[in-house]
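Here the structure is laid out as structure tokens; the discussion comes afterwards.
The values are calculated or read from the model by the stated rules, or taken from the named source; none is laboratory data. Since the model is a prediction, treat every value here as computed from it, not as a measurement. Don't worry about glycine lacking a Cβ; one is built from the backbone with ideal geometry, like all the others, and counts go over all protein chains shown.
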Amino acid sequence: MNFNQIMEAARQETLKHFGRTVQLYTPLYISNHCINSCAYCGFNRRSEIKRITLGLDQVLKEAEFLRRQGFQHILLLTGEDRGAAPVEYLEKVVRAVKELFVSVSVEVYPLSEVEYKKIIDAGVDGLTIYQETYHRPTYKRVHPTGPKKDYDWRWGAAERAARAGMRKIGIGFLLGLYNWKYEAAALAEQLQFLLKNYWQTQFQVSFPRLNPAETIFKIKYPVSDQDFIQLLCRFRLRFPQIGFTLSTRERAGFRDKIFPFGITQMSAGSKTYPGAYALGIRSGKQFEIADRRSPREVARALVRAGYEPVWKDWEKVLV
Amino acid sequence: MKKDLLKIANRRFSSRLLLGTGKFSSPRVMRKALEASGSEMVTVALRRVDLKNPKDHILSYIDSKKYLILPNTSGARDADEAIRLARIARAFGLPGWIKLEVTPDLRYLLPDPVETLKAAEILVKEGFTVLPYINADPVLAKRLEDAGCATVMPLGSPIGSAQGIRTRANIEIIIEQARVPVVVDAGLGSPSQAAEAMEMGAAAVLVNTAIAAAENPAAMAKAFKLAVEAGRQAYLAGMVSSSHIAKASSPRFL
């Protein structure tokens, strides 16, 4: 197959398994305190940014704002600082916001199985945990200090969450840290392992790409648009039934062009710092977004492309 | 000639094509496809319906006078979740019909026979009209029938796979033994595959992806309508059985 044929096959597979629909969600950063020093991340503990962990009433204001925009699926995010945002805090936040949304997912520091169980009991149904890079020497280089240094603890997070009963688990790597073909093979291997062992868990894959404009971090292995599309299509053909997520790290035009080749969930209207939506707090960002359209604009673009934006695809009794 | 109607529980339908409502590019496209299909029964995933917001949700595009709405329990991993979803549907005033789907395997969406039977027994007792989605397992089909299910809905092949009827031998046994209508559900990717199911003696078929994901869903819905009618007529007409041995079309008597 030449590349055009691969793209068409990927589009067809996506249509077969997911139809003409894309589910929309949005991130809600609740804390940017962090004790890690990930070389590529805005929350790096050495960054002199305004740090904040939102109080419950603040989280609710942000959540209500997002709910009014139409979102029913939300992703709560923190840095890694168990002092500022301990598991008990996560539980409280989840219990507070779950009344507003049909689905609450988290992207937080790796937890133990018992801790995952706690946040699931609080109302979490999804987890996002990226390995960042599967290449151990690179992992070590870009995560020099802090608990994130521990490659294996992070790798095992998806498995611990699955064992704890997490319904949906998203994995992936950060495109740009190492050779993407190596990373893709390692990601496929981890996914295959998880699918075999945790067959009742819904796994998802993301392809977050470092944006050269966003950071002073030197991207040693840049992934071109062409590479990105190839990665997406090949993953779609390799895993036809797995949901793929695309974030606002990517440009609006690029997102509109490539989503039919495999994407099933998209974030929209994202802001990547705590207090960003309704509170007007200008705290430090995790990364720069590229697609700055409002959720409604993203939804309209999907409709124009002949796809239905899906705001609700879950029911609370399923938690 | 007596009109050939599909009878499920206490209702009669002149169409033998059931439609799924997921995967359409918009509710309007879905509505057009429903019209073109001639279907009278459509299934809706409760997880996609925002019951609290009646104006916004998918049900507002489906005329409940024209179509029997068959809520489904898609997303349920076990009997308990399926039962809770069914109860929610009834609490919000949907008719007490339920397409029972219990699919703990989230990759191929294959149904769990143990949990499906468990849920069916409870839902029948609670007065629901239960239409269970099952693998093509003849014994399970009988067990569900004995439990009081209104149909059995064996899959032709995994949902969305468009592989057609890969479970033919077992579906034949299910049809042969059934006292309730057998609806072939899932995997039908083309009108010819739907016709094949009808020729085998299925009472009806359920189609979603093949119509919703087609370039022109309404036209594809029409094609499925015709295929289902053709298959049904062929079945009623009494088809000659296929044979590997050539037969002379004008018999000679030696």
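For the reader, a short list of remarks on this structure follows.
- Flag if A:Phe254 is more than 14 Å from chain B (Cβ to nearest Cβ), within 21 Å of A:Val310 (Cα to Cα) and surrounded by 20 or more Cβ atoms within 10 Å (Cβ to Cβ): no
- Check on B:Leu94, surrounded by fewer than 21 Cβ atoms within 10 Å (Cβ to Cβ), assigned to a loop (DSSP other than H, G, I, E, B), among the hydrophobic types (A, V, I, L, M, F, W, C) and touching a strand residue (DSSP E or B) at 6+ places or on another chain (Cβ under 6 Å): yes
- For the range A:233-313, the strands (runs of 3 or more DSSP E) that sit wholly inside it and include 3 or more residues that are within 17 Å of the chain's Cα centre (by Cα) are A:243-246, A:265-267.
- Note on the range B:100-142: residues that are within 14 Å of chain A (Cβ to nearest Cβ) and not small (Gly, Ala, Ser) amount to 14.
- Qualifying residue in the range A:36-58 (condition: within 23 Å of A:Ile229 (Cα to Cα), in a helix (DSSP H, G or I) and in contact (Cβ under 8 Å) with a residue 12 or more places away in the chain): no
- Selected residue [free of Cβ contacts under 8 Å to residues at least 60 places away in the same chain and among the hydrophobic types (A, V, I, L, M, F, W, C)] from A:Ala268, A:Ala305: A:Ala305
- Residue check: A:Tyr307 meets all listed conditions (1) out of contact with any strand residue (DSSP E or B) (no Cβ under 7 Å at 6 or more places or on another chain); (2) within 14 Å of another protein chain (Cβ to nearest Cβ) but one, namely (1).
- Screening the range B:177-192 for residues that are within 29 Å of B:Ala147 (Cβ to Cβ) and over 11 Å from the mean Cα position of the chain (by Cα) and picking the one that is farthest from the other protein chains (Cβ to nearest Cβ) gives B:Arg179.
- The range A:241-251 - residue that is away from chain B (no Cβ under 14 Å) and surrounded by fewer than 23 Cβ atoms within 10 Å (Cβ to Cβ) and, of those, farthest from B:Leu109 (Cα to Cα): A:Arg251
- Subset tally (residues that are of a type in the set (Gly, Ala, Ser) and in contact with a Phe, Trp or Tyr (Cβ under 9 Å, 6 or more places away or on another chain)) for the range B:196-236: 6
- Matching residues in the range B:1-44 - criterion: being closer than 28 Å to A:Ala301 by Cα, surrounded by fewer than 19 Cβ atoms within 10 Å (Cβ to Cβ) and away from every other protein chain (no Cβ under 12 Å): B:Arg31, B:Lys32, B:Glu35
- Restricting attention to the range B:54-89 and to residues that are within 11 Å of another protein chain (Cβ to nearest Cβ) and at pLDDT below 80, the residue that is surrounded by the most Cβ atoms within 10 Å (Cβ to Cβ) turns out to be B:Ile58.
- Of all the criteria given as (1) free of Cβ contacts under 8 Å to residues at least 24 places away in the same chain; (2) within 14 Å of chain A (Cβ to nearest Cβ), the one not satisfied by B:Ala212 is (1).
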